[in-house]
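The values are calculated or read from the model by the stated rules, or taken from the named source; none is laboratory data. Computed from a predicted model, the values in this text were never measured in an experiment. Here the Cβ is made from the backbone with ideal geometry for all residues, glycine too, and neighbour counts use every protein chain on show. These area figures cover heavy atoms from the full protein model, side chains too; ligands, DNA and RNA do not enter into them. Shrake-Rupley method; radii C 1.70, N 1.55, O 1.52, S 1.80 Å.
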Amino acid sequence: MTKHLQEFQRIADANSGNRAAGTPGYDKSLEYAAQKLRRAGYRVSTTDVEFPTGWAELAPPELNVVAPTPKTYTPNVDFLTVGSSGSGDVTAEVQVVDAVLPPGPTPSTSTAGCEASDFAGFVAGRIALIQRGTCPYVQKATNAKAAGAAAVVFFNEGQPGRTEAYNFDIGEWRFGIPIVFADFAVGNELAATPGTQLHVKTSTRVDVGRTKNLIAETRTGDPNKVVMAGAHLDSVHEGAGINDNGSGSAGLLETALQLAKLPVKHKVRFAWWGAEELGLLGSNQYVEGLSQAQRDKIKLYLNFDMIGSPNFGYFIYDGDNSDNVGSPAGPPGSAQIEKTFERFYQKRDLNFRGTDFSGRSDYGPFIEVGIPAGGLFTGAEGIKTPEEATLFGGTAGQAYDPCYHAACDGLNNINATALDVNSDALAWATATYAYDLSAIPPRATAANTAKSSTAKTAATQVAVPEGAAS
């Protein structure tokens, strides 16, 4: 693994100091891993990943009532184009989505558009009118697009301090429809007249970059029972990303190279994700691109993002939510994955703690579609507590990784003990499930297709700048 990390560092040094998605440093990192995997006998492939490199508004937006009583609203006063909105020119009937009007006395009363069920009865081709409320705008827009909305008009919720339109970027550039944000007065007025015909026009441009995920699959094993393990391969632009996430990538790569020598019972699929640092784009687009039948074959997903932090803790994703912190339990099977990792540390008399499924890494898209998940984490910019310093050593009051997303995340930013222990845990869990899935409960198709809105919210918020949450 040290050799892999040294190669990642060498690649970064030769390519502007980083291995970020869309750069030569990332491409060379992928080539390095792919070459080793091919030589080991894996079926190696890549999947395409798109990411935004820029967004611009080319002309002021338009919003006007066509019927029953024509009225024109003033751009950048009554309403604004939402950042990352697509271009479009739509005239259609407005349909209000589950609004709370008059608004409740306290902010975030409205849950309008937060659930797919809010769009029951929505007529495809209409303009969705959606009130601000409890969940991110990107979640509302995703549900609206899925229901067939030709455009989306958000409006503020209506309580004091929540009446005016304001600028934000929704963080998702692939909706491809006009999305604007109006003040409460406009939204309330549009909602008051059923059958209102509205004209919405936006003129924008999105510049798109492309990168790839790297996928390697064993040639043996039951293809209908796939064990999947992944780590993101890209760094941020600021540095080489040797802990974040060269550590997980190196541990995953060496596990794959060793596992190649064994005739596994279940198909094992390894993934090195691209554009994770841009909002989990590689894993999101990969999962989105799978058919339901392909998702059903993936029995679990293991994630390894930062497993060698210099001021580390041994953290296991809290699959059963026994810590009762943040997000709920993962899909059925996640609790059993957590127990598998716990047994590894218990056998070695090592302390460990749970860590929340916060949605900050690539397990998010898998949880969202009902695939059980788990994995390891040694900490990022969070601060180590005195209790954790007693459990794991290190320094209380300092970040787990003082070089998180910084230029100093190089070879000196790895704790060799943490990397050694956690890579063994990675191999332990992967090999366990490569031969034995009996602890993972069967997954019904209905459970597969049911989306976890909490996991979705957490995952999408990674890509959404501050202020874009509803």
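Within the shell of other residues whose beta carbon sits under 14 angstrom from the beta carbon of R39, the net charge comes to +3, with Lys and Arg scored +1 and Asp and Glu -1. Expressed as a whole percent, the accessible surface of the chain that belongs to carbon and sulfur atoms is 51, based on a 1.4 Å probe. Considering only the Cα atoms of the stretch 230-372, their convex hull presents on average a projected area of 9.5 nm². Say each of S16 and A116 gets a label point 7 Å from the Cα, pointing the same way as Cα to Cβ; how far apart are those two points in nm? Once both label points are built, they end up 3.9 nm from each other. Taking the Cα centre of the chain as origin and assigning +1 to Lys and Arg Cβ atoms and -1 to Asp and Glu Cβ atoms, the resulting dipole is close to 1660 debye. Note: relative contact order over the chain, using C-alpha pairs below 8 Å and six or more positions apart, is 19 percent. Normalising by residue count, the stretch 188-234 has a Cα convex hull of 280 Å³ per residue. In the context of the full protein assembly, R343 retains an accessible surface of approximately 110 Å², using a probe radius of 1.4 Å and ignoring ligands and nucleic acids. Multiplying the residue separation of W55 and D420 by 0.36 nm and removing their Cα-Cα distance gives an extension gain of 127.1 nm.
Among beta bridges from DSSP that stay inside the chain, the antiparallel ones total about 50%. Ordering P332, M306, N321 by Cα displacement along the dipole of the stretch 286-335 toward the positive end leaves P332 in first place; charges were set at the Cβ atoms of Lys, Arg (+1) and Asp, Glu (-1).
Entry comment: accessible area of the chain is 39 Å² per residue, from protein heavy atoms only and a probe of 1.4 Å.
Check every DSSP H run in the chain and write down those whose alpha carbon atoms cover 18 angstrom or more along the long axis and whose mean Kyte-Doolittle hydropathy is -0.5 or greater.
Numbers: long enough: 24-39 (22 Å, -1.34); 334-347 (20 Å, -1.23); 416-435 (29 Å, 0.38).
Helix filter hits for the chain: 416-435.
Can you give the charge dipole size of the stretch 233-342 about its Cα centre, rounded to the nearest 20 debye, using +1 on the beta carbon of Lys and Arg and -1 on the beta carbon of Asp and Glu? Intermediate results must be reported in sequence, preceding the final value.
Numbers: 8 positive and 14 negative charges, 161 e Å.
About 780 debye.
Spin-label model, Q159/K71: points 7 Å from Cα along the beta carbon direction are separated by 2.5 nm.
Over the C-alpha trace of the stretch 1-136, radius of gyration and Dmax come out as 24.6, 71 angstrom.
Compute the whole-percent fraction of alpha carbon pairs in the stretch 218-304 spaced more than 19 Å apart. So the pairs more than 19 Å apart make up 43 percent of the total in the stretch 218-304.
So what is the calculated 222 nm ellipticity per residue for the chain, using -39500 (n - 2.57) for each DSSP H run with n of 4 or more, over all residues, to the nearest 500 deg cm²/dmol? Write out the running numbers ahead of the final one.
Details: 13 runs with 132 residues, N = 470.
Taken over the chain, the calculation gives -8500 deg cm²/dmol.
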